[in-house]
Amino acid sequence: YTFSWLLLHLSAFYLIGRILIPWIRSSEIFFISKVFQIALLLVFLRFFTHTIPIRAQDRTEEAAAGIAAGRGLGKAEREFPGAAAAIRKLESLPKGAVIEAQGNPYSWTSHVSTLSGKESFLGWANHVELLNRDYGEINRRKEVTDRFYRSYDCLERRGIMEREQISYAVVGPLEQKQFPGVKSVNFQCLHLLIEEGEYRIYGLQ
């Protein structure tokens, strides 16, 4: 994620340079190019000095949790015990959309679907809005998610999954926090596929 921002900044430097060159005297181009090179060097140095300790901490957390390095699951496991195992098991299951409780942007919202490489039923709603501007559909999916987790009728919940083509439903720490008591709600009409720590992941079959 941070590397994407780095590439964006580098592209911005390049584009600004292309725009300004026609307006700059040839005697000044050498000096300005050196300034840009120094600026790029500083950006690179700042990027690496900022991310190296973060990545080192991730590797330490992954090793402590017995997780393969580079998976990005170390912090998730530390925050939510059982997350790494649940995510790895979901990753091994067939493709399908995952429904999870909604939350604030730049939070752990949709972390199960994201880290398992599965499609999310909604994801970060505000980012999806910026991407496709389909506000009506996004609001509808918010309401569907809310209805799914608040329902006490398992058949209604199963019907939602069938109509919306949702393969997996997560009941984890975030869902329990947002919808108190959801863990004890009837899910008997669905199949319990994964049970790790505070995570229960259900499927249609």
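Rg/Rh for region 101-196 to two decimals, with Rh computed the Kirkwood way over all alpha-carbon pairs.
Ratio value, two decimals: 0.94.
Taking each pair of distinct Cα atoms in the chain once, what is the resulting Kirkwood hydrodynamic radius in Å? About 19.9 Å, per the Kirkwood formula over Cα pairs. Largest GNM mean-square fluctuation among HIS50, HIS111, HIS191, using the chain with Cα springs under 10 Å: HIS50. Surface composition of the chain: carbon and sulfur make up 60 percent of the accessible area, probe 1.4 Å.
In this simple spin-label model, placing a label point 7 Å from the Cα along the Cα-to-Cβ direction at both ARG140 and THR60 gives a separation of 4.9 nm.
If R0 is taken as 35 Å, the Cβ-Cβ distance between ASN132 and GLU91 corresponds to a FRET efficiency of 0.85. Helix content alone sets the calculated 222 nm mean residue ellipticity of the chain: runs of n ≥ 4 DSSP H residues at -39500 (n - 2.57) each, divided across all residues, give -18500 deg cm²/dmol.
In a simple Cβ point-charge model (Lys, Arg +1; Asp, Glu -1; nothing else charged), the chain has a dipole of about 500 debye relative to its Cα centre.
Lys-Lys pairs in the chain that are eight or more residues apart or on separate chains and whose Cα atoms lie under 26 Å of each other come to 16.
If R0 is taken as 22 Å, the Cβ-Cβ distance between PHE31 and LEU7 corresponds to a FRET efficiency of 0.25. Per residue, the chain exposes 61 Å² of solvent-accessible protein surface, assessed with a 1.4 angstrom probe and all protein chains in place.
The accessible area of LYS142, taken with all protein chains in place and a 1.4 Å probe, comes to roughly 80 Å².
The values are calculated or read from the model by the stated rules, or taken from the named source; none is laboratory data. Everything numeric here is computed off the predicted structure, so don't read it as measured data. All Cβ positions, glycine included, derive from the backbone under ideal geometry; neighbour counts span all protein chains shown. Side chains are part of the model used for accessible areas, which takes the heavy atoms of the whole protein and leaves out ligands, DNA and RNA. Shrake-Rupley method; radii C 1.70, N 1.55, O 1.52, S 1.80 Å.
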